[in-house]
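Everything below concerns the one structure shown next.
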């Protein structure tokens with residue numbers, strides 16, 4: 001992981017790469033000491049990733065842009081499911097040619 005940060009992220013944004021490496025080292029140290037994984041620990045790691053002066057707050061709203069209402073979400077890319085009960089659904093192979 002550290003190698004990927006050094007070879008990829010560091011090229012794009014050296015400061016961000018340093019933040020990621022710091023968080024990675026802290027995570028490894030926490031794992032080595034057997035730290036209990038909880039929200040406070042994750043906040044501490046995130047503080048290093050963001051280079052924040054204090055612990056970042058936990059998210060209080062959904063992460064989805066659509067749920068946040070900012071209008072940047074693209075429309076769904078999946079087709080609605082068709083069931084044999086729906087008139088649009090082909091019932092037999094010959095229906096596929098229509």
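The values are calculated or read from the model by the stated rules, or taken from the named source; none is laboratory data. These numbers come from a predicted model, not from an experiment. Note: ideal-geometry Cβ built from the backbone for every residue, glycine included; neighbour counts use all protein chains shown.
See the values below:
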| read-out | value |
| --- | --- |
| Meets criteria (out of contact with any helix residue (DSSP H, G or I) (no Cβ under 7 Å at 6 or more places or on another chain), assigned to a loop (DSSP other than H, G, I, E, B) and either over 27 Å from residue 1 (Cβ atoms) or at pLDDT below 70 (or both)) for residue 83 | yes |
| Yes/no for residue 23 being surrounded by fewer than 14 Cβ atoms within 10 Å (Cβ to Cβ) and modelled with pLDDT of 90 or more | no |
| Selection count, region 27-43, where residues are touching a residue at least 12 places away in the same chain (Cβ under 8 Å) and under 19 Å from residue 17 (Cβ atoms) | 1 |
| Filter result for residue 72 (modelled with pLDDT under 55 and assigned to a loop (DSSP other than H, G, I, E, B)) | yes |
